[in-house]
Every structure is written in structure tokens, then in C-alpha cells.
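Remarks on the structure that follows.
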Amino acid sequence: SGSMAIPLMRNDAGGYPGTDSLPRTSLKMKHLVAGLRMGYKYFQGGKFNDAKAAFSKVLADVPMVVADSRGEANEIKEMLEICREYITAVRIKAAMSGVAADPVRSTELSAYFTHCNLQPVHLLLALRSAMGTAFKHKNFILAASFARRLLELPDMNSERNADLRVKATKVLQKSEQMARNEHQLNYNENATFAIDCKDFAPIYAGEPSVKCSFCGSQYKDESTRNKICITCGFCVAGVDTIGLVTGV
């Protein structure tokens, strides 16, 4: 068939809008929500590469969606943060597997993993892993901290987590008895920090950093300035812009 004389528009319900015409978009808010749900599903199932791909797809689709309301615009911006946090978590998880024999670095990475802003059911997985890693390497002060955080999660009261609740309680009791860390770690659980998305280290409040204006990823290394953001893959880090504009 031939081309249309008048292209599809999203603001032509009341007649041809003339010079105010706006192109119809193929992606809607529901597509982003579906992508997030798929990412959550993969993450819960331990399919971390698939989860990273799903969240990366949402990041790439976000600029193509026009918000219909201020509330929807805010939800879209929240999705950017969710995707950034989960992509960072997956990358940290991958890095952990490469340093399993290093007690210091594996404990540090497992600790940073718990500071990614994840859904409670996923934070449970991160804390369980961090608790086990810290305890294994005799970093008992940290193990106790992770056990306490784990026991405070609402999901720990469910019957399906009964065994984990017992284990966390035992780890907490033993760790409080030992009350020491075997290693000096680059981690302060009581301080506010962002995670360096390149080197996976804390960027504490007040420290300078290079930031991606689109997804919000932060980097401590100045060499990342004017380079493509590692997290989103298409925005230049360190360029000061207004970030995402959703159309509302």
C-alpha cells in the first residue's frame, strides 16, 4: 500500500492540528512497566544477564515515551532510578564471582550489593549472600549487621523463610560473640554513600564525582568525564544538562 497523505498523530482527535501536530508514539507507559516486571522476574530467578538486558531495554525506551500527566512523568523518572540500581546490582553480582577467593574484595562487593535500592524480596537475596560471605571470611561485625538487617525485613516473617530466619538468628548470635572483623574494609555501613558505577567503591557524601545526567550513575574517576555512561550506554557522563524531559 502507498504512504498516508496525513501521518498518524497523537493530538488529532478533535481535527487536524496543523502546525501544532505531534507524532504518534509507539511506546507507552505500559511497555515500560512490562519491561520492569520482566526484569524483576529474571532477577528473582537468578537470570542476571537477562535481567540486565531487560532493565537496559527500559532505559533505552524511556526517552521514546511521552507522559500523559505529571504523575506519569514522575513515575518514568523513578523508572530511571530503578533501572540504574538493578543494572548496578547485576554488575556487582558479576564482579563478585570473579573475586570469590579474595576475602576483602568479595566482602566489600557483597556489602555494596546490599546498598543498591532493590525491592524488599530482592534485598533479602542480597543480604543473605552478604551475611554468608562476611561470616565465611570472619568479618563478624559485618555479618551481624547483615543478619540484623535481614531479620528486620517483613518477608522474613513468612513461613517460606523460616529456615533462613533461624540461620540469620544463629549467625547474629555467633557474630555478636566474636565481635570483630578479620579484615580492614573500604565500607562504612553508617555513612551515606553512592556506589561508583565503574570501580564499585563508595562515593561518600560531599566527595566529588562525575555524574550521568540521564540515569544518575556516579563515577569517582575523572577519566570517565565526557565518556559514555557505563550504565545506560548512550549518555555522556559529566555533562551538566537538565536530564530527561518527559513532555509534561
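The values are calculated or read from the model by the stated rules, or taken from the named source; none is laboratory data. Note that the structure is a prediction, hence the values are computed from the model and not measured. Backbone-built Cβ (ideal geometry, glycine too); neighbour counts: all protein chains shown. All accessible areas refer to the heavy atoms of the entire protein, side chains included, with ligands and DNA or RNA removed. Shrake-Rupley method; radii C 1.70, N 1.55, O 1.52, S 1.80 Å.
Could you work out the relative contact order of the chain, using alpha carbon pairs under 8 angstrom and six or more residues apart, expressed as a whole percent?
Working: 341 pairs, mean separation 37.8, N = 248.
Relative CO of the chain lands at 15 percent.
Peptides 110-116, 192-198: what's the order by average Cβ count within 10 Å, highest mean first? Write out the running numbers ahead of the final one.
Details: 110-116: 23.1, 192-198: 19.7.
Result, highest mean Cβ count within 10 Å first: 110-116, 192-198.
Going 7 Å from the Cα of ARG160 in the Cα-to-Cβ direction, what parts of the stretch 129-147 have a backbone nitrogen less than 20 Å from that spot?
Answer for this model: 129-130.
How would you classify the stretch 144-216 from its alpha-carbon gyration tensor, with a ≥ b ≥ c the square roots of the eigenvalues: rounded for a/c under 1.5, else prolate if a/b is greater than b/c, otherwise oblate? Walk me through the intermediate numbers first.
Numbers: a/c = 3.52, a/b = 1.71, b/c = 2.05.
Oblate.
Checking a compactness column here: for the stretch 77-215, what do you get for Rg(Cα) / (2.2 N^0.38 Å), N being the number of residues? Please list the in-between numbers first.
Working: Rg = 15.2 Å, N = 139, 2.2 N^0.38 = 14.3 Å.
Compactness ratio reported: 1.06.
Would you list, by chain and number, the lysines whose Cα falls below 20 Å from the Cα of LYS170, excluding same-chain residues fewer than 8 positions away?
LYS136, LYS138
For the chain, which whole percent of the accessible surface, found with a 1.4 angstrom probe, sits on carbon and sulfur atoms? Write down the numbers at each step before the final one.
Working: 6940 of 13510 Å².
Summing carbon and sulfur atoms, their accessible area is 51 percent of the total for the chain.
When the Kirkwood hydrodynamic radius is evaluated over all pairs of different C-alpha atoms of the stretch 98-171, what value in angstrom, to one decimal, is obtained?
Averaging 1/r across every pair of different Cα atoms and inverting gives 12.3 Å.
Kindly state, to the nearest 0.05, the FRET efficiency for GLN177 paired with ALA100, given R0 = 35 Å and r defined as their beta-carbon distance. Intermediate values should be presented prior to the final figure.
Working: r = 26 Å, r/R0 = 0.75.
Calculated value: 0.85.
Accessible area per residue, 1.4 Å probe, Å², for the chain: what's the number?
Per-residue value: 54 Å².
Sequence gap at least 6, Cα distance under 8 Å: using those rules, report the relative contact order of the stretch 24-158 to the nearest whole percent. Please list the in-between numbers first.
Numbers: 129 pairs, mean separation 22.9, N = 135.
It comes to 17 percent, rounded to a whole number.
Which aspartates and glutamates have a Cα lying under 20 Å from the Cα of LYS28, excluding residues fewer than 8 positions away in the same chain?
The qualifying aspartates and glutamates are ASP12, ASP61, ASP68, GLU72, GLU75, GLU78, GLU81.
Once the stretch 43-151 is represented by equal point scatterers at the alpha-carbon sites, with solvent omitted, what log10 I(q)/I(0) does the Debye formula produce at q = 0.22, 0.23, 0.24 Å⁻¹?
Reported log10 I(q)/I(0), two decimals: -1.12, -1.19, -1.25.
Is the chain best put as rounded, prolate or oblate by its Cα gyration tensor, with a ≥ b ≥ c the root eigenvalues, rounded for a/c under 1.5, and otherwise prolate when a/b is larger than b/c, oblate when not? Before the final figure, lay out each step's value.
Numbers: a/c = 2.95, a/b = 1.98, b/c = 1.49.
Verdict is prolate for the chain.
Could you pull out the pairs from LYS57/LYS77; LYS30/LYS220; LYS57/LYS227 whose alpha carbons sit more than 26 Å apart here? It would help to have the intermediate numbers written out before the result.
Working: LYS57/LYS77 15 Å; LYS30/LYS220 35 Å; LYS57/LYS227 20 Å.
Listed pairs above 26 Å: LYS30/LYS220.
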